[in-house]
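Novice: Got a structure for you, questions after.
The values are calculated or read from the model by the stated rules, or taken from the named source; none is laboratory data. Keep in mind the model is a prediction, meaning the values are calculated, not measured. As a convention, Cβ positions derive from the backbone with ideal geometry for all residues, glycine included, and neighbour counts pool all protein chains shown.
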Amino acid sequence: MAHLPAVQSAAKGAVVEGTAAKQTCAWDHYKRYLFSIGLHDDWFLDNFSKGAKHTILSAFAQSVRGGQYCPRYSKQVKSESVRSSLEGVA
């Protein structure tokens with residue numbers, strides 16, 4: 001039991017590191033998606049209306065759901081992964 005705080009601290013660090021890696025991966029996928037639709041210089045969609053931003057992000061979510069960035073999957077990606085990708089971009 002004396003080692004419990006050290007174990008908890010190590011576990012917490014691993015979760016943060018893993019989360020950071022997933023967010024970086026999501027951001028890379030998002031940038032790749034934007035390039036694929038011709039948006040090379042507006043990563044934050046500053047030049048779009050709220051509705052257009054929603055449409056673009058929804059289309060990105062669909063591309064994630066369809067497994068566009070995960071070639072090892074032959075089926076749709078789980079909704080949790082889509083949500084995680086959108087949170088990483090946000």
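Novice: In region 41-56, which residues are among the aliphatic types (A, V, I, L, M) and in contact with a helix residue (DSSP H, G or I) (Cβ under 7 Å, 6 or more places away or on another chain)?
Specialist: The one that is among the aliphatic types (A, V, I, L, M) and in contact with a helix residue (DSSP H, G or I) (Cβ under 7 Å, 6 or more places away or on another chain): L45.
Novice: Under 8 Å by Cβ, and 6 or more places apart or on different chains, what pairs join a residue from region 13-29 that is in a helix (DSSP H, G or I) and hydroxyl-bearing (S, T, Y) with one that is at pLDDT 85 or above and surrounded by 13 or more Cβ atoms within 10 Å (Cβ to Cβ)?
Specialist: Here the result reads T24/G88, each pair linking region 13-29 to a residue that is at pLDDT 85 or above and surrounded by 13 or more Cβ atoms within 10 Å (Cβ to Cβ).
Novice: Another one. May I ask you to list the residues in region 48-80 that are surrounded by fewer than 10 Cβ atoms within 10 Å (Cβ to Cβ) and either modelled with pLDDT of 90 or more or outside any helix (DSSP H, G or I) (or both)?
Specialist: The answer is S49, K50, G51, P71, R72, S74, K75.
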